[in-house]
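The values are calculated or read from the model by the stated rules, or taken from the named source; none is laboratory data. These figures come from a predicted structure and were not determined experimentally. Note that we place each Cβ from the backbone using ideal geometry, even for glycine, and neighbour counts take in every protein chain shown.
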Amino acid sequence: MAVILTEYLDSFVRSCDDKKLIAIPLAVLVLSLLVSGFVFATTGAPVKLGMEFEGGTMIAFETQESAEVLELAYSAHSLVDARKTGDRAILQFGPMDGESQSELEKAITSKYSSVEIKQIGALYGKELQTQALIALCLSFIGMALVVFLIFRTAVPSLAVVLSAFSDIAIAIGFMNLVGIELSLGTVAALLMLIGYSVDSDILLTTRVLKRRGSPDENIGRAMHTGITMTTTTLAALVVMYIVSTFSYLVTSSVSQINLLSDIAIVLIFGLAADLMNTWLLNTGILRWHVRRSTPRRRRA
Amino acid sequence: MREEEVPKGLKNDIRVWLLIAAVVLSVVMIGPGYSAEEGLNTDLNYGLDLEGGSWIQIKLQGAVTQLDADISMLVTEIVESAIDAPIEIISVTGDAGEGYSNDGNTVTFTTSTYVSDLQMDLLGLGESDISYSDDTSSIVLSTNKQTLIMQYLSKALNTEVVPLFVGDGVEYEIRTAVSLEELQALMVPVGGNVLTGSDGAAIFREGVRTDTRDMTRDILSEKLNSLGLKDIPVRTVGEEYILIDFAGTDLTTAKEIVEKPGKFEIRMQTTGNESVHVLYGDSIEKVGIVTQVDGHWNTPFTLDEDGAFALQKIAIETGAITDPNSHLLYMYLDDREVYGAPLSFSAASALNEHPIYSWQASTGLDEDGKTQADQLQIHLRAGALPVNVVLMGSGQVDAALGEQFKRQVALAGLFALLAVAAVVFRRYHQKEILLPMVGTSLCEVIIILGFAGAINWQLDLPAIAGIIAAIGTGIDHLVIITDEVLYEGKLPSTKVYMERISKAFAIIFAAAATTTIAMSPLVVMGFGALRGFAITTIVGVLIGVLIARPVYGKVIKVVLDKAE
């Protein structure tokens, strides 16, 4: 798959002019920003906040009872949502006071097996929100600084930073479209995305700026390496997503591992966006920059 | 990549030996073993989400601030509410400025009701001298501003307030939740305000001092240990949080343990091993900060009225006031003796006259005495935490589920590695490249796990996600090295090869630097579960870049040379 993709992309990049290359990813970026902007305008957050950031209680356990039965049984406890995957029920509760919380936990742990509980106070959730935002901003700024230090030229560095930003923005837009909530796992994935996305951008920029040969040749070679890198990572993530999300289809008592599942799915889409951003957006800007700054006669 | 597989040219390379040493050491640290009962086991520590157990995170409520107020208004406010009658301030002497003054102030005031010595002593404002004429009590009170502010606030907010001298001012730690607005409103009746710093902002922050946070942590640890629950890590997270992990305990039990106060008791020896009950921990009103008097370390504590009278009564009944050395005073925490000493002669004779509220438990000289005094301070507080706390978060994963997560994660890791290997093989179609690549990745995993074993790092789900992330970038970097080496489709001469390797490493180091920088805010901020994730990612990337990947660069050349 990687080889076919690379060849197709390579010829596409060679045949298109820079403006067209840049226009496609920019359009996707704008669309994602619009989606997130709309969510922000309606809910006050750029992406739907999960339990860890809103506060509340999640209790999962093994049971044969259906979601409807459970919903009825626990409706007195500010139940927000009841779901079942295989034999496991997942109940989400809104914030409640300490005493009813303890009662509920006691009732459930004494009745069911394989219980998992996670409770976050509303206040703590608020604090985590701020911290997550700060962490994302600091990471991004730190990454941008390192990129500028490495290349020391404005346009190529900006191109790398822009495509990293676009990766994150598109991943968030995708989360909004599919209805994935922001959790500790997805924050981790967005941070990981910063690290992964610049890998291929740095490869591309180094090859194009510091090697002999025409930009198109260098881009083609970088693409071979870069797409192999991204596809290996994608392969690992797809497997991780399947194992952590769909194991219950094989053995119905098996639980989903939400943290890994969240990380995997956000990264899968982030990296898909990264393929586009690296090989169209970043490549387009870089090629335009190189052709502009290299005198014509030297390229004859 | 075991030793016997290393081709000849590599035997003189120090990096190769370094990698082999790291792998061997890591295997020792992981300590894999097999026993018939437990099956395959290792020395690795797993987090609660893989081992089963519960966790509780609490927040310490409080505020640290600097304040000023008017001395005569403070005295009026405090004394009037205590004696239920108006008072008239006659004079205030001494420095009334904002800062700390050693000399203190003398406040003289009169009131038309009878005020007893005991009433004034209980206010805890300082020494007072009372004289009566006709229907009027005149009181001369020696006090100072920080004591007045402290007593005023602790009464108004019903909490402990601890002043501390910082530079030229006094900082007050209020050990309960209070907002700046509430505090400002409280200071108005005493003609005071929250001081502002040079930048014009009020000197006020939510939270408590680091010392207080650490003391709360120590008290909790002590309490858990005294319940026979060893090895329960009580960690501080950031400035205001404390996180407690209960391995193998369910959440309901864990909450009971944290909420249930310890049982503290003071008993007095009658004869031989016999002793009688004097008071329980609820009679201890306040525990002071450890001090040193004439070389002896002391833990001061204050009893409430019932406690003070009970101690006096028992001391008289047992005869401790006449013969303190054969009637020792013992302190027990959860039925375990934590302190035993005779009453001092001065205290014993004073008890003959009146009850004593303020006590000092002397523990001895030197460092040893100080350690004991610190311990006693914790014991005296048994159960009662110095600050108000609120539950911020909690969780539970039961052991069976943890076991299942562990299997599932191992499965995910294994399949992910196979998937990566398949992609790599499809790309290069050479097992000479595939084997070193997968081998290097495995070495990296082993070294990361070995490192985790060596520093007793707890492997939880986020940490494992971090390892997967590190391996993911690892494979990326190996692809970069391979493609750089095979830049024009075939293996170059050694000189060109070295150039290319250094080019590849320039890219790899740059990529590793950005990943490390991107993850470091999480490490510094110490934010919930993601800290482990960030640390394993960084450690993994560093191990990969510094130890494993350079060796891959050497090995791939030798292997490809042979293949040609």
Q) Taking A:Ile108 and the conditions (1) more than 9 Å from every other protein chain (Cβ to nearest Cβ); (2) modelled with pLDDT under 90; (3) under 28 Å from A:Phe269 (Cα atoms); (4) buried (at least 17 other Cβ atoms within 10 Å of the Cβ), which numbered condition does it fall short on, given that it satisfies the others? A) (3)
Q: Could you identify the single residue in B:Lys223, B:Lys255, B:Lys230 that is closer than 30 Å to A:Ser110 by Cα, at pLDDT below 80 and not in a loop (DSSP other than H, G, I, E, B)?
A: B:Lys223
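Results for (1) within 23 Å of A:Ala189 (Cβ to Cβ); (2) in contact (Cβ under 8 Å) with a residue 12 or more places away in the chain; (3) in contact with a helix residue (DSSP H, G or I) (Cβ under 7 Å, 6 or more places away or on another chain), shown as yes or no for each residue.
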position: B:Leu380; (1), (2), (3): no, yes, no
position: B:Phe405; (1), (2), (3): yes, yes, yes
position: B:Ala452; (1), (2), (3): yes, yes, no
position: B:Ile455; (1), (2), (3): no, no, no
position: B:Leu461; (1), (2), (3): yes, yes, yes
(Q) Given the criterion facing another protein chain (nearest Cβ under 8 Å) and closer than 17 Å to A:Leu184 by Cβ, identify the matching residue among B:Ala510, B:Ala529. (A) B:Ala529
Q | Residues that are free of Cβ contacts under 8 Å to residues at least 40 places away in the same chain, more than 8 Å from chain A (Cβ to nearest Cβ) and closer than 17 Å to B:Val237 by Cβ, drawn from region B:513-526 | A | B:Val523, B:Val524
Q | Answer residue from region A:29-54, given it is out of contact with any Leu (no Cβ under 9 Å at 6 or more places or on another chain) and among the β-branched types (Val, Ile, Thr) and is farthest from B:Gly393 (Cα to Cα) among those | A | A:Val30
Q | B:Asp214 vs. criteria under 29 Å from B:Ile284 (Cα atoms), acidic (Asp, Glu) and touching a Ser or Thr at 6+ places or on another chain (Cβ under 8 Å) | A | yes
Q. Looking at (1) facing chain B (nearest Cβ under 7 Å); (2) crowded, with 21+ Cβ neighbours inside 10 Å; (3) not basic (Lys, Arg), can you tell me which one A:His224 breaks?
A. (2)
Q: Give region A:19-53 a look and list any residue that's among the small types (Gly, Ala, Ser) and modelled with pLDDT of 90 or more, or say none.
A: A:Ala23, A:Ala27, A:Ser32, A:Ser36, A:Gly37, A:Ala41
Q. Checking A:Gly86 against (1) closer than 19 Å to B:Val397 by Cα; (2) modelled with pLDDT of 85 or more, which test does it fail?
A. (2)
Q | Boolean, B:Thr322 is in contact with a helix residue (DSSP H, G or I) (Cβ under 7 Å, 6 or more places away or on another chain) and either more than 23 Å from B:Gly126 (Cα to Cα) or part of a strand (DSSP E or B) (or both) | A | no
Q: Please determine, by comparing only the residues of region B:477-506 that are surrounded by fewer than 23 Cβ atoms within 10 Å (Cβ to Cβ) and touching a Phe, Trp or Tyr at 6+ places or on another chain (Cβ under 8 Å), which one is modelled with the lowest pLDDT.
A: B:Leu491
Q | Within region B:440-483, tally of residues that are away from chain A (no Cβ under 13 Å) and not in a helix (DSSP H, G or I) | A | 5
Q. Which one of these is closer than 20 Å to B:Thr516 by Cβ and more than 11 Å from every other protein chain (Cβ to nearest Cβ): A:Phe174, A:Phe151, A:Phe140, A:Phe165?
A. A:Phe165
